[in-house]
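Engineer: Please find one structure pasted underneath; my questions will follow.
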Amino acid sequence: MRVEGRVRWARFALVFVPGAVVIAMLVGAIMNGAIGAAFVVSNDKIKAAAAEVRQGPFSSYGGYVVNAEGDRIPVLVNNVTHLTAIDFCQSVVMSTPVGPVTLRVTGGHDRPVVVKDLTTYEIMLAGDITYYGLEVGRDAATLDNVPGKSGPPGVFGQQGTSGVIKNFREVSWAVTAAMFNVPDAKLTVRRDGPECF
């Protein structure tokens with residue numbers, strides 16, 4: 001009489017262990033920036049602008065994001081521990097069944113916008129920039145100004161202790177943050193509406 005329900009542990013290990021190793025490697029790669037944003041990005045870029053941005057310790061390194069078609073899009077992965085922004089604006093032109101629609105958020109006029117643990121996957125940054133404690137050309141795997149936000153080995157990296165950017169303008173594919181507070185926020189959705197710049 002055969003006993004049902006027994007587990008053949010050798011066969012189980014043969015199937016389970018390689019899968020667990022691959023999952024662990026993927027999670028590690030995402031956490032370390034070897035893989036781009038931990039989600040598939042849309043085909044709509046995000047614009048952000050502010051009269052002034054003040055940021056704490058930051059690190060940046062080369063990376064990429066992936067869209068729904070599987071394309072790898074090169075970006076600069078920019079990590080900031082905390083920042084404040086005055087006269088903030090963020091906009092995206094969305095593709096919709098009724099045509100292009102602009103989603104626009106503004107705020108931080110009387111009180112500054114406050115952001116913590118920010119990561120942007122940017123393709124353009126402009127403004128009057130002043131960085132402090134800057135290190136450029138450092139191996140991304142050795143970046144340590146932002147805890148847990150180093151990049152893959154051998155990749156270009158840079159970091160600094162703080163920064164001030166006046167007339168800030170940025171274009172990115174994705175943004176993540178642990179906290180994003182926008183005082184006096186106003187959201188508008190308009191067909192062919194104005195972008196931030």
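Engineer: Of (1) within 16 Å of the chain's Cα centre (by Cα); (2) surrounded by fewer than 15 Cβ atoms within 10 Å (Cβ to Cβ), N167 satisfies all except one. Which?
Structural biologist: (1)
Engineer: Let me ask something else. Please verify whether the stretch 143-155 includes one or more residues that are among the polar types (S, T, N, Q), within 15 Å of A49 (Cβ to Cβ), in contact with a strand residue (DSSP E or B) (Cβ under 8 Å, 6 or more places away or on another chain) and touching a residue at least 24 places away in the same chain (Cβ under 8 Å).
Structural biologist: no
Engineer: What strands (runs of 3 or more DSSP E) completely inside the stretch 98-195 contain at least 1 residues that are among the basic types (K, R) and touching a Gly at 6+ places or on another chain (Cβ under 7 Å)?
Structural biologist: Output list reads 99-107, 135-139, 162-181, 186-191.
Engineer: Under 8 Å by Cβ, and 6 or more places apart or on different chains, what pairs join a residue from the stretch 58-74 that is touching a residue at least 12 places away in the same chain (Cβ under 8 Å) and closer than 24 Å to S162 by Cα with one that is of a type in the set (D, E, K, R) and crowded, with 16+ Cβ neighbours inside 10 Å?
Structural biologist: S59/K149
Engineer: Name the one entry in T188, T102, T84 that is of a type in the set (V, I, T) and either in contact with a His (Cβ under 6 Å, 6 or more places away or on another chain) or loosely packed, with under 13 Cβ neighbours inside 10 Å (or both).
Structural biologist: T188
No lab work stands behind these numbers, since they all come straight from the coordinates. All of these numbers come straight from a predicted model, not from anything done at the bench. Don't worry about glycine lacking a Cβ; one is built from the backbone with ideal geometry, like all the others, and counts go over all protein chains shown.
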